[in-house]
1. Confirm whether residue 201 is open to solvent by 20 Å² or more (accessible area, probe 1.4 Å), modelled with pLDDT of 95 or more, farther than 24 Å from residue 336 by Cβ and assigned by TED's automatic domain parsing to the domain that holds residue 336.
2. Can you pull out every residue in segment 256-271 that is touching a Leu at 6+ places or on another chain (Cβ under 6 Å) and more than 18 Å from residue 207 (Cβ to Cβ)?
3. I'd like to check which helices (runs of 4 or more DSSP H) are fully inside segment 346-432 and have at least 1 residues that are closer than 23 Å to residue 161 by Cα and in contact (Cβ under 8 Å) with a residue 60 or more places away in the chain.
4. Name the strands (runs of 3 or more DSSP E) wholly within segment 169-282 that hold at least 1 residues that are within 16 Å of ligand 1 (Cβ to nearest atom) and more than 30 Å from residue 102 (Cα to Cα)?
5. In this structure, is residue 288 within 16 Å of ligand 2 (Cβ to nearest atom), open to solvent by less than 80 Å² (accessible area, probe 1.4 Å) and in the same structural domain as residue 268 (by TED's automatic domain parsing)?
6. Among the listed residues 250, 213, identify the single one that is in the same structural domain as residue 294 (by TED's automatic domain parsing), charged (D, E, K, R) and touching a Ser or Thr at 6+ places or on another chain (Cβ under 8 Å).
7. Is it true that residue 255 is open to solvent by 30 Å² or more (accessible area, probe 1.4 Å) and of a type in the set (A, V, I, L, M, F, W, C)?
Amino acid sequence: MPTVYVGMTIDILHHGHMNVIEHARSHGEVTVGLLTDAAVADYKRLPYLSYEQRKRILENIRGVARVVPQNEWDYAPNIRAYRPDVMVHGDDWLTGPLAPYRARALEALNEYGGKLIEIPYTKGISSSAMAEALVAVGTTPEVRKSTLARLLRAKPITRFLEAHSPISALVAEHARAEEGAKIRQFDGFWSSSLTDSTHMGKPDIEALDISSRLANINNIFEVTTKPLIIDLDTGGKPEHFELNIRSIERLGISAVIIEDKTGLKKNSLLGNEVAQSQEDADAFCQKIRAGRASRISPDFMVIARIESLILDKGMDDALHRARAYAEAGADGIMIHSRQKQPDEVFAFARQFRAGFPHLPLVCVPTSYNQVTEDELAAHGFNIVIYANHMMRAAYPAMKRAAHEILRHGRSSEIDKQLISINEILELIPGTR
Ligand code: SPV
Ligand code: MG
């Protein structure tokens with residue numbers, strides 16, 4: 001019996017997949033190369049169903065003899081490993097961004113005389129569109145919360161964008177940049193103390209109470225599906241932190257980050273221009289333990305943020321604290337810096353990674369903004385947070401509009417820089 005290879009993701013199983021499987025089994029014994037979460041996440045959004053769930057579905061389909069992991073978007077490595085007599089694929093890859101993958105698959109098949117059979121792509125069905133719809137319908141606090149842990153397992157580095165309101169979160173949720181077959185997206189949202197405070201016209205000094213922060217996040221969650229990390233400043237008193245963890249986790253937030261400061265907190269980017277004090281390391285470890293003890297699921301993360309470099313306490317202090325916080329049970333470490341170059345966070349990562357090769361490392365490259373995500377990943381970072389960019393984009397645009405209307409005594413001059421009335425009426429489904 002000839003062997004047949006088919007590569008698939010099947011986040012949502014539909015008749016298009018059945019066409020491919022039925023066709024494949026008419027040529028021999030079918031092996032499905034199931035794309036792993038990591039293979040998919042490198043190219044588009046993480047599948048709704050986990051690899052194990054998708055594997056179980058496939059194994060119960062008639063004609064599928066076995067399911068093997070396909071660890072890359074590229075078929076060639078598995079073709080070389082399994083050397084099927086035949087590979088079956090839809091004809092949607094003859095041109096466009098998938099064409100290079102076709103060429104590589106053919107090259108691998110040609111090495112031993114394997115055959116490629118292409119069948120007409122099933123029209124009128126789009127897995128990606130269905131997956132988006134499914135994610136929107138199927139997002140529960142539980143699903144959203146555990147997505148961060150899944151992302152960290154699937155991707156070397158994940159990117160989070162600040163969202164201070166539902167509309168800013170909608171923009172962050174739907175932003176896309178295509179690069180060949182890859183579609184870059186943000187993996188989730190950062191609820192920033194700075195921009196949440198700014199949004200409310202208040203200083204970033206822990207002045208907003210937890211209820212108003214969570215009410216804002218709840219509104220964001222009403223209209224989005226991606227995971228969120230909350231900046232909880234110092235976390236407050238350990239007893240309050242424990243209680244707040246409950247409310248935070250219940251809402252479906254994936255992680256909380258607390259910083260090792262004490263007294264009146266000021267924004268880190270002010271550094272030592274203002275009076276700020278760092279918390280005693282042992283007391284902060286105690287807070288980490290208290291937070292971890294009150295979480296419900298192990299997928300919820302308590303991340304410790306180190307302010308030693310911000311407050312000019314030096315690298316040794318930062319590393320000493322990082323080790324202590326990791327040993328106290330922190331699920332990740334955020335190292336903050338206000339330098340223009342990434343050198344000090346790179347040096348920190350290198351030394352920290354020697355003792356803790358796998359603990360997630362978080363950075364916030366606001367001041368060292370020339371650094372790329374690839375460079376950060378190469379230095380061992382797993383989460384990059386763009387901490388304030390949506391607010392910083394919106395505010396100058398609003399200010400300009402207000403000023404231009406005043407200056408001209410009418411709005412016509414600013415109009416072409418604004419979203420049109422027609423577009424804003426189309427922006428939110430259900431408006432019309
Ligand atoms: C925030 O976004 O509120 C942060 C990061 O805590 S920073 O503003 O750089 O301190
Ligand atoms: Mg903050």
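The values are calculated or read from the model by the stated rules, or taken from the named source; none is laboratory data. Bear in mind the structure is a predicted one, so any value in this text is a computation, not a measurement. Positions of Cβ are generated from backbone atoms using ideal geometry, with glycine treated the same way; all protein chains shown enter the neighbour counts. Heads up: the accessible areas ignore ligands, DNA and RNA and are worked out on the full protein's heavy atoms, side chains in. Shrake-Rupley method; radii C 1.70, N 1.55, O 1.52, S 1.80 Å.
1. Values: open to solvent by 20 Å² or more (accessible area, probe 1.4 Å): yes; modelled with pLDDT of 95 or more: yes; farther than 24 Å from residue 336 by Cβ: yes; assigned by TED's automatic domain parsing to the domain that holds residue 336: yes.
It is true that residue 201 is open to solvent by 20 Å² or more (accessible area, probe 1.4 Å), modelled with pLDDT of 95 or more, farther than 24 Å from residue 336 by Cβ and assigned by TED's automatic domain parsing to the domain that holds residue 336.
2. Here is the first cut: in segment 256-271, the residues touching a Leu at 6+ places or on another chain (Cβ under 6 Å) are 256, 258, 267.
Passing the criteria: only 256.
3. 373-378, 389-408
4. Working: elements: 177-179, 182-184, 188-191, 228-231, 255-259.
Correct list: 188-191, 228-231, 255-259.
5. On the way: within 16 Å of ligand 2 (Cβ to nearest atom): no; open to solvent by less than 80 Å² (accessible area, probe 1.4 Å): yes; in the same structural domain as residue 268 (by TED's automatic domain parsing): yes.
No; evaluated as a whole, the condition is false for this residue.
6. On the way: 250 fails: touching a Ser or Thr at 6+ places or on another chain (Cβ under 8 Å).
When all the criteria are applied, what remains is 213.
7. Working: open to solvent by 30 Å² or more (accessible area, probe 1.4 Å): no; of a type in the set (A, V, I, L, M, F, W, C): yes.
In short, no.
To keep it simple, each residue is scored yes or no on (1) within 16 Å of ligand 1 (Cβ to nearest atom); (2) touching a helix residue (DSSP H, G or I) at 6+ places or on another chain (Cβ under 9 Å).
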site	(1), (2)
351	no, yes
363	yes, yes
377	no, no
395	yes, yes
